[in-house]
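**Q** This is the structure I want to talk about, given as C-alpha cells.
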Amino acid sequence: MKKKIFAAIFIVLVLMIGIFIFGNDYQMSEKKVMIHTKTNNLSTIMTFPKHEKIKGFIVFVHGDGAQNATQDDGYKPLMERFAKQGYVSISWDKPGVGKSMGNWLHQSMTDRANEVTEVIDWVHKTYPNANYRIGLWGASQAGWVIPKVMKQENKISFALLAAPAINVMRQGIYYNVWQAKKSGATNQEINRIKRNFINDSYLIQKYNTYQEYKMHGGSEKISADRYRFVRKLLNEDATADLSQVHGKIGLVLAAKDKNVDSVETKNVYSKVIDAKQLRIKTIPNVEHRMINPDIANSDFLINLVGVILPKYYLIDKNYLDYCETFVSQLSS
C-alpha cells in the first residue's frame, strides 16, 4: 500500500515539474545588464530572439507601483511574442526596486520619460553599427510617459500602449465612481464620493508635505514618498504630448476596463493623432491588466497560473496575438 502511495506522489510530482517546465519554456534568451543613467544605475533584463535575426529593440515602460524588470515574469509571454518577430525587449527594475538605485516614488512623469530616453541612448551606443528599429511598449501609467518620449525623440519608430488614461484627475474620478457603483452606491453617495475626491486632490496640490495635508483634513493614508509622487502626478494630461508624437501608435484598450475610461482614451487619441499613425484595438472580455479573463477574478488562480503555466494561460491570447501582429506588420 505504501509503495502505491509513494508511486502516486512521485507521478504527481513528475507531472507538476513537467507542466512547470512546459509552461515556462520561452523561446528567447535572457541577458542581465546594468545601465548607468545620469541619476541611477538600472538593473536591466534584455530578452533576445533565439533564432530570428534582430530587427529592433522594444523598451518596456512600467505602469504604477514598485515593478521589477519582468513584473514577476508577467511580461515574459509578451516578450516572447516580440522575440519571435525579431525584437529584443529591454526592461529594468524601477529605481529602488531589486538592484536598481534610487527611488521611483521621487520621479515625475518627465523624470521617467528622461530615463527611457537615456536607455534608448544606451542602446544606440551599445549597438552603434546596426540600423535597428526602436519601439516602446507601456501599460497604464506609461500613457503619461511614452508620449513625452515620442514627442522629443524622433528616432522611435513605434509604440504600443495598453490601457492608458488621458487625464489623471478624470481617471481618478472614473475609477472611484466605478468602484462606488460596483458596491451599490446611490447617486447621492456617488456625488459625495466625487466631491471628496476632488477636495482631497485640491489639498494634495495645495500642501507641499503629507503632514500639512493631514493637518488640513486630508483623508488618504499614504507614505510621505507616495504623497510626493501623487502630488507630481495630479496635473498630468497626455493630450498635448500626444499631439506631437512621432512614429506609429498602437492603442490597445480593454473592453471591461474598470480603471480607465477607454471611450475617452479612444476619442482623444483619434482626435489628436493623425489617422495614418494610429491603430486602435479593443480586446474583448478583458479588464485593465489584460489578464486571461478565465482567471482574472481570482488572485489565487492568477498566482498559480503565473507560476505554473504563464506562457499559455496568464495573459489574454487575443492581446498577445494583436501585439505580435502589430510589430510583425511593421517589419513587413
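**Q** May I ask for the distance between the Cα centers of the stretch 142-204 and the stretch 91-130, given as a whole number of Å?
**A** Centre-to-centre (Cα) distance: 24 Å.
**Q** For every helix of n ≥ 4 consecutive DSSP H residues, a contribution of -39,500 (n - 2.57) applies; sum these over the chain, divide by its total residues, and give [θ] at 222 nm rounded to the nearest 500 deg cm²/dmol.
**A** Counting only the DSSP helices, I get -14000 deg cm²/dmol.
**Q** If all Cα-Cα distances of the stretch 87-184 are sorted into 5 Å bins from 0 onward, what percent lands in each bin, rounded to whole numbers?
**A** 2, 11, 18, 21, 17, 13, 8, 5, 3, 1, 1, 0
**Q** Also, I was wondering about something else. Would you please report the Å³ per residue occupied by the convex hull of the alpha carbon atoms in the stretch 271-332?
**A** Hull volume normalised by residue count: 103 Å³.
**Q** Follow-up question, since we're still on this one. Which residue, GLN107, GLN179, GLN67, tops the fluctuation ranking in a GNM of the chain built on C-alpha contacts under 10 Å?
**A** Largest GNM mean-square fluctuation: GLN179.
**Q** Only helices at least 30 Å long along their own axis, judged from Cα atoms, and with Kyte-Doolittle mean hydropathy of 0.5 or greater: name those in the chain from DSSP H.
**A** Span-like helices here: 2-23.
**Q** Determine the alpha carbon to alpha carbon distance for each of LYS76/LYS151; LYS181/LYS271; LYS182/LYS258 and list only those over 18 Å.
**A** With Cα atoms farther than 18 Å apart: LYS76/LYS151; LYS181/LYS271.
**Q** Considering Cα pairs under 8 angstrom that are at least six residues apart, work out the relative contact order of the chain and quote it in whole percent.
**A** Normalised by residue count, the contact order of the chain is 18 percent.
**Q** Between Rg and the Kirkwood Rh of the chain, both from Cα atoms, what is the Rg to Rh ratio?
**A** Taking Rg over the Kirkwood Rh, I get 1.00.
**Q** Kirkwood-based Rg over Rh for the stretch 60-118 (C-alpha set), two decimals?
**A** Result: Rg/Rh = 1.00.
**Q** A follow-up question, please. Which FRET efficiency value, to the nearest 0.05, is calculated for MET215 and THR110 with the Förster distance at 41 angstrom and r the Cβ-Cβ distance?
**A** Computed FRET efficiency for MET215 and THR110: 0.90.
**Q** Say the dipole of the chain comes from +1 at the beta carbon of Lys and Arg and -1 at that of Asp and Glu; which of GLN277, LEU314, TRP122 then lies farthest toward its positive end?
**A** After comparing all options, I get LEU314.
**Q** Return the single residue from LEU160, LEU314, LEU301 with maximal mean-square fluctuation; model: Gaussian network over the chain, springs between Cα atoms under 10 Å.
**A** For the chain, modelled as a Gaussian network with Cα springs under 10 Å, the answer is LEU301.
**Q** With the cut-off at 1.5 for a/c, could you classify the stretch 170-231 from its C-alpha gyration tensor as rounded, prolate or oblate?
**A** Prolate, because a/c is 1.5 or more and a/b exceeds b/c.
**Q** Something else about it: What does the convex hull of the Cα atoms come to per residue for the stretch 221-300, in Å³?
**A** Considering the Cα atoms of the stretch 221-300, their hull volume per residue is 145 Å³.
**Q** Using packing as a proxy for protection, rank 55-64, 289-298 so that the peptide with the highest average count of other Cβ atoms within 10 Å comes first.
**A** Going by the mean number of other Cβ atoms within 10 Å, highest first, we get 55-64, 289-298.
**Q** What's the exposure ranking of ARG195, ARG279, going from fewest to most Cβ atoms within 10 Å?
**A** Sorted ascending by nearby Cβ count, the order is ARG195, ARG279.
Read-outs throughout are calculated quantities, based only on the coordinates presented, and are distinct from any laboratory measurement. No experiment lies behind these values; they were computed from the predicted model shown. Backbone-built Cβ (ideal geometry, glycine too); neighbour counts: all protein chains shown.
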